[in-house]
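All remarks here apply to the structure that follows.
Values in this text are rule-based calculations from the coordinates and carry no lab data. From a predicted model like this one, the values you see are computed outputs, not experimental measurements. Here Cβ is always computed from backbone atoms with ideal geometry, including for glycine, and neighbour counts include all displayed protein chains.
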Ligand code: DX5
Ligand code: ZN
């Protein structure tokens, strides 16, 4: 079944360890770490130092989403800080195979992210080299935005292509995921669903995570590489 990836961007940064523990009690096996540089996206968030603190505070799988220009410069630092998986935007990486090779060299799971307006055919030549593809369902930069409905079909189409090619690539969806759309996304073929506000926004992270995890029960692809 699909896994919930609570985004710590919506957590209380002064209590990150407690927030991570609450998400874990609610059944989350991973956390999503949103890295923004104020250049690729119009917002600034966190870097390797906070990721290192998070790594010390939790055993959860850390999925680091790099929304930065020059992502190659940050792959090794995030891996050294304790990232379990790293994804870079296709719109930010000029030499995508090199980015993926850097992730392999660093020993992390390798992902590539597409903005909502980027078509999936740009992945045709790199799909077999990836552990996961992250489909953005909002324009990156902020938590709490509204899900772009057309992404549901994009998930279905990509899942079909992955199956056709006999690949095990996992689809992750990020942005505006709520209790209203989580199950449909998993049924469409997603294997990891990021949720920021829907987990941490209401101050009840454990209960919110548990409800979302239950909604995905029995549906969606499951990444075998997330413990
Ligand atoms: C958006 C980030 C998302 C965001 C998700 O740029 O990549 O991960 O934090 O937040 P919600 O779930 O609130 O849309
Ligand atoms: Zn994200």
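List of remarks:
- Filter pass, residue 66 being within 16 Å of ligand 2 (Cβ to nearest atom), outside any strand (DSSP E or B) and within 15 Å of residue 143 (Cα to Cα): no
- Residue match in the stretch 144-152 (condition: free of Cβ contacts under 8 Å to residues at least 60 places away in the same chain, more than 19 Å from residue 196 (Cα to Cα) and out of contact with any strand residue (DSSP E or B) (no Cβ under 7 Å at 6 or more places or on another chain)): yes
- Flag for residue 109 being closer than 19 Å to residue 6 by Cβ and more than 16 Å from ligand 1 (Cβ to nearest atom): yes
- Within the set 73, 124, the sole residue that is away from ligand 1 (no atom under 16 Å from the Cβ), closer than 19 Å to residue 173 by Cα and surrounded by fewer than 21 Cβ atoms within 10 Å (Cβ to Cβ) turns out to be 124.
- Residue check for residue 201: within 12 Å of ligand 1 (Cβ to nearest atom), in contact with a helix residue (DSSP H, G or I) (Cβ under 8 Å, 6 or more places away or on another chain) and over 25 Å from residue 225 (Cβ atoms): yes
- Checked across the stretch 12-35, the condition of being over 13 Å from the mean Cα position of the chain (by Cα), assigned to a loop (DSSP other than H, G, I, E, B) and within 14 Å of ligand 2 (Cβ to nearest atom) holds for no residue.
- When residue 140 is tested against (1) in contact with a helix residue (DSSP H, G or I) (Cβ under 9 Å, 6 or more places away or on another chain); (2) within 24 Å of residue 19 (Cα to Cα); (3) touching a residue at least 24 places away in the same chain (Cβ under 8 Å), only condition (1) is not met.
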